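Report on the structure given below.
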Amino acid sequence: MEAKTTMLRKATRQKAKIKLGLSAVSGAGKTYSALLIAKGLAKGNLSKVAIIDTENNSADLYSHLGDYNVLPISAPFSPESYIKAIKECEDAGMDVIIIDSITHEWDGKGGCLEIHSSMTGNSYTNWASVTPRHQAFINAILQSRCHVITTVRRKQDYEMSKNENGKTKVEKVGLKEVTREGFEYEVTTNLELDIKHNATASKDRTGLFMGQHPFIPSEETGKKILEWCESGVDVIIPTILTPVEKELAEIKKEIDASGLIEAKEKLLKSASLSELQINWNLYKPFHGNNDFIKLKNELKNKLTPKH
């Protein structure tokens, strides 16, 4: 019976690429804060930073900070438009990608909500075709080989309830991110900015910000995150082999261990018949190997003087 294989291993802190979310109401400094953090992540080199700009070229307002790159996208703001823009930034060799903002992918013209509302048929089952498209966008962020900073708008949220007289009333229940619910749990760290540009962590896997006093994001914030990202070991992606590939790998392993490959390479370096004979005698354990004998005879024919 074939032994079962397992991927079980000891936990190891690996090097990472930060996936950072910044959320705030309009005017709280999402774009500016993202750029400052990105500069720290890029070790001061803003030419390795790109902004995917959905905010009517607002990213250009901060060009005095340095020579960062801007990739404007406009409606329709489909998930695929964002995915294509992310790939373009990756292919351009960027270290940091800022997506400013992800709100349009969900609640913009041509975004997921509009895609869903334009569909005919059952509203509930229609999500079965929209959700995978949105998830592909999320995966493009999470699986990117770049550091990714996303910005998202926050707006006042309301809740309907009944008072003691049974009448319906509408109450304010705080601010809500304008994207699909739960996005903040996808990223490594999510920072909420107030109108005075102070940030607090609503979720933080790095342990750098959770429970800390509010702070104004800066280049130093990016440097701090980068240090955390680079403090682990290099990521090793396990190779999953098919049964045939496993068998071939085992055979190669046995040959490598036996020294047959080394023996063949030694033979191939023979420059004369006498040297060939010396190299042949060096590897007596393989004199009965058909491939080894065939190689020796071919070399002997080549090295034999022609009359």
Based on what the data block shows, is VAL49 modelled with pLDDT under 95, more than 19 Å from GLU186 (Cβ to Cβ) and in the same structural domain as ARG180 (by TED's automatic domain parsing)? no
Is the range 96-115 home to any residue that is in contact with an Asp or Glu (Cβ under 8 Å, 6 or more places away or on another chain), in contact (Cβ under 8 Å) with a residue 40 or more places away in the chain, under 15 Å from VAL49 (Cβ atoms) and not charged (D, E, K, R)? yes
With the requirement that a residue be over 17 Å from THR150 (Cα atoms) and under 21 Å from the mean Cα position of the chain (by Cα), what does the range 47-81 give you? SER47
Residue check, ALA42 surrounded by 15 or more Cβ atoms within 10 Å (Cβ to Cβ), at pLDDT below 95, aliphatic (A, V, I, L, M) and assigned by TED's automatic domain parsing to the domain that holds ARG153: no
Counting only residues that are among the hydrophobic types (A, V, I, L, M, F, W, C) and touching a strand residue (DSSP E or B) at 6+ places or on another chain (Cβ under 7 Å), which one in the range 202-211 is modelled with the highest pLDDT? PHE209
Pairs under 6 Å by beta carbon, first residue farther than 15 Å from TRP228 by Cα and β-branched (Val, Ile, Thr) in the range 184-207, partner surrounded by fewer than 16 Cβ atoms within 10 Å (Cβ to Cβ) and at pLDDT 90 or above, six or more apart or different chains? THR200/PRO214
Within the range 183-236, how many residues are over 20 Å from the mean Cα position of the chain (by Cα), at negative phi and not small (Gly, Ala, Ser)? 19
Of the numbered conditions (1) closer than 13 Å to HIS147 by Cβ; (2) of a type in the set (Asp, Glu); (3) more than 21 Å from the chain's Cα centre (by Cα), ASP107 satisfies every one except a single condition; which is it? (1)
Hits in the range 70-100 (condition: among the polar types (S, T, N, Q) and crowded, with 19+ Cβ neighbours inside 10 Å): SER78, SER81
Selection from the range 212-253 of residues part of a helix (DSSP H, G or I) and at pLDDT 90 or above yields GLU219, GLU220, THR221, GLY222, LYS223, LYS224, ILE225, LEU226, GLU227, TRP228, CYS229
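The values are calculated or read from the model by the stated rules, or taken from the named source; none is laboratory data. Every value quoted in this text rests on a predicted model; they were computed, and no experiment measured them. For neighbour counting, all protein chains shown are included, and Cβ atoms are generated from backbone atoms with ideal geometry for every residue, glycine included.
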